[in-house]
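The structure appears below as structure tokens.
The values are calculated or read from the model by the stated rules, or taken from the named source; none is laboratory data. All values derive from a computational prediction rather than experimental measurement. Cβ placement follows ideal geometry from the backbone for every residue including glycine, while neighbour counts extend to all protein chains displayed. What goes into the accessible areas is simple: the full protein's heavy atoms, side chains included, and nothing from ligands, DNA or RNA. Shrake-Rupley method; radii C 1.70, N 1.55, O 1.52, S 1.80 Å.
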Amino acid sequence: MMNLLKITRTKTESRFVQGLLIGVALFYLFLLLFLPIFLILVSALKKGFPMYVQALRDPETWVAIKLSLLVAIVAVPLNVIFGLFAAWAITKYAFRGKSLLLALIDLPLSISPVISGMIFVLLFGANGFLASFLAAHNIRVIFAVPGIILATLFVTFPYVAREVIPVMKAQGKDEEEAAMTLGANGFQIFTKVTLPNIRWGLFYGVVLCNARAMGEFGAVSVVSGHIRGVTTTLPLHVEILYNEYAFAAAFSVASLFIGLALFTLVLKHIVGFRLKREGLK
Amino acid sequence: MFKTLGLVLVMGFFGVSLSYAQSTILNVSYDPTREFYKDYNKLFQAHWKKVSGQTVNVRQSHGGSGKQGRSIIDGLEADVATLALGYDIDSLYDQRHLIPQNWQKRLPNNSSPYTSTIVFVVRKGNPKHVRDWDDLVRPGIVVITPNPKTSGGARWNYLAAWGYALKKWKSEPKAKVFVKALYKNIPVLDSGARGSTTTFSERKLGDVLVAWENEAYLLINELGSDKYEIVVPSISIVAEPPVTVVDKNVDKHNTRKVSEAYLTYLYSKEGQELAVKHYFRPQDKKIAAKYSGKFRSIKLFKIESLFGSWQKAQKTHFSDNGVFDQIYAK
């Protein structure tokens, strides 16, 4: 059916139209994707390669790199745990309010990151809901690393759950039920049956979650306090450098994100390919 | 469940590990002081080492003045606040009593160790012939200035324009018409002074940038006198960016002594000379005389003479449904 459709389509459209469509798509990609990436690299290397390396070796850049890594190292595993729990609950059990839970998981994707950050200021700020408790125990959340991690957790939590749920759903419950009748306990079922089935979906979710965790700007900007060399993640550091006329340095640091993006893209392709193959199996 | 547990652990860990050591202070400042305080921190570190033997580590945070004040109120634990105008520091008292009401009397010159004023930056050769405030309301002139709701510099800009109109026509309604016409020519309001500067220089938007004098000189020094020039209007406002110790925070961190020294050293010969180097106008008369050639002479008026006080100016012009809201509503 698909093939038939394809054949008739290519036949009804002239070569000219085909070429035009492809050309428009490529031009669009060039304008929105390749050109900006190219310009970032050009701007980063404007003052020469030694300056590029120097910008990356600046102590404040290092703090930003370390902080962004720390945020990802904490946020991604927590979201993996949450994502697995949520996916398991949604696909294996029938309960009231299931569709509500599904909708709630998507919530961080549908609200502006700035609002997400604001939520944490309202909760943990000095005039916030939990202010007296935090002050009494001398715990600092907002304008410190914990606030940055919380805000990142919030904006990234849908990614793993959303990727795992469809894969788990497609697999169904049969294999797990078979394992159970053969006497496997819950942990064995999870590690030997469920996990191998969902591993590529899970991996895909982790890759996306990580990219967003490292790159989040809006929510983190609201809760960071912008203390230089302390609460500035990589994206915030790029903004600071740009605002201080250190354009070459700003784009040098930004080029790290291109590296991350390309790495993510490659991983995404590998995983997508694997997923497809296993789907066909 | 696990997620909450993890959060609690993480929070506990960082909450403890990030507590300030005694010799670290945080200076929360506004946008165009970035370069000045970068240099000043080094100067003060050396000075403090000499007089006390201690090493002090000064951390910086910059942004629009109103926003920065808001962050301190929300819990950003600044030891010293060096903001763009008195009202933003007043709110530290109004909202949370972080400082005493009379904070501005604690240091000389209204607690403002340096002043600035508001000038124009135009593109090289001044192609649109901008000479004075009147030119900013001409149809077709595109003016760049930040948002008075969040930026301190923007409020000085607004009040300078208002003051010019008030002195010229001696009538509040006429001043309102003038400022309204001026804001008709502004296509975008950035949240801080630095945002407007990059809009003007990097995005190449606008014919005139209304800016702090020190920001104007910085722009020219950083990006070239072959691209921009400064135009001094016939009259402008004395912009006093005041400084204060944030009492509740320094007492909590046990940093009062070093924080107070950090601010008083701004008034020293070294501090004043550094301020001059970054194009802030010094308060010290001797130093002002020594560098009189560095600053263009402008007829200046103080905010008190036309608006009473910052409290009054803020209430009339920048509060919700104040004059700014009335004129900016389309």
- Item | Subset of region B:78-97 (residues that are surrounded by 22 or more Cβ atoms within 10 Å (Cβ to Cβ), outside any helix (DSSP H, G or I) and within 12 Å of another protein chain (Cβ to nearest Cβ)) | B:Ala78, B:Asp79
- Message: Criterion first (touching a residue at least 24 places away in the same chain (Cβ under 8 Å) and under 30 Å from B:Tyr30 (Cα atoms)) does A:Val167 satisfy it?
- Response: no
- Task: Only one of these is small (Gly, Ala, Ser), on the phi < 0 side of the Ramachandran plot, touching a residue at least 12 places away in the same chain (Cβ under 8 Å) and assigned by TED's automatic domain parsing to the domain that holds A:Val155: A:Gly218, A:Gly229. Name it.
- Result: A:Gly218
- Would you check if there is a residue in region A:248-256 being out of contact with any helix residue (DSSP H, G or I) (no Cβ under 6 Å at 6 or more places or on another chain), under 30 Å from A:Asp58 (Cα atoms), not assigned by TED's automatic domain parsing to the domain that holds A:Phe38 and not in a helix (DSSP H, G or I)? no
- Criterion violated by A:Gly229 - all others in (1) within 14 Å of chain B (Cβ to nearest Cβ); (2) touching a helix residue (DSSP H, G or I) at 6+ places or on another chain (Cβ under 7 Å); (3) within 19 Å of B:Gly64 (Cβ to Cβ) satisfied: (3)
- The correct count of residues that are within 30 Å of A:Thr232 (Cα to Cα) and not in a helix (DSSP H, G or I) in region A:172-217 is 2
- For region B:218-250 the number of residues that are open to solvent by less than 40 Å² (accessible area, probe 1.4 Å), within 13 Å of chain A (Cβ to nearest Cβ) and either among the aliphatic types (A, V, I, L, M) or free of Cβ contacts under 8 Å to residues at least 24 places away in the same chain (or both) is 6
- From the set of residues in region A:86-101 that are free of Cβ contacts under 8 Å to residues at least 24 places away in the same chain and assigned to a helix (DSSP H, G or I), which is least open to solvent (accessible area, probe 1.4 Å)? A:Ala89
- Subset of region B:281-328 [open to solvent by less than 30 Å² (accessible area, probe 1.4 Å), part of a strand (DSSP E or B) and of a type outside the set (A, V, I, L, M, F, W, C)]: B:Pro282
- Message: Can you report the number of residues in region A:157-206 which are open to solvent by 70 Å² or more (accessible area, probe 1.4 Å) and among the aromatic types (Phe, Trp, Tyr)?
- Response: 2
- Note on the structure: Within region B:31-77, residues away from every other protein chain (no Cβ under 12 Å), in a loop (DSSP other than H, G, I, E, B) and buried (at least 20 other Cβ atoms within 10 Å of the Cβ) come out as B:Val56
- Query: Which members of region B:180-217 meet the condition of being touching a residue at least 60 places away in the same chain (Cβ under 8 Å), within 16 Å of B:Arg155 (Cβ to Cβ) and either in contact with a Leu (Cβ under 7 Å, 6 or more places away or on another chain) or part of a helix (DSSP H, G or I) (or both)?
  - Reply: B:Tyr183, B:Ala193, B:Arg194, B:Gly195, B:Glu213, B:Glu215
- Of the numbered conditions (1) within 14 Å of another protein chain (Cβ to nearest Cβ); (2) farther than 18 Å from A:Ile73 by Cα; (3) in a helix (DSSP H, G or I); (4) of a type in the set (Val, Ile, Thr), A:Val160 satisfies every one except a single condition; which is it? (2)
- Message: Quick check on this structure: which one of A:Phe154, A:Phe124, A:Phe143, A:Phe133 is assigned by TED's automatic domain parsing to the domain that holds A:Thr232 and surrounded by fewer than 13 Cβ atoms within 10 Å (Cβ to Cβ)?
- Response: A:Phe133
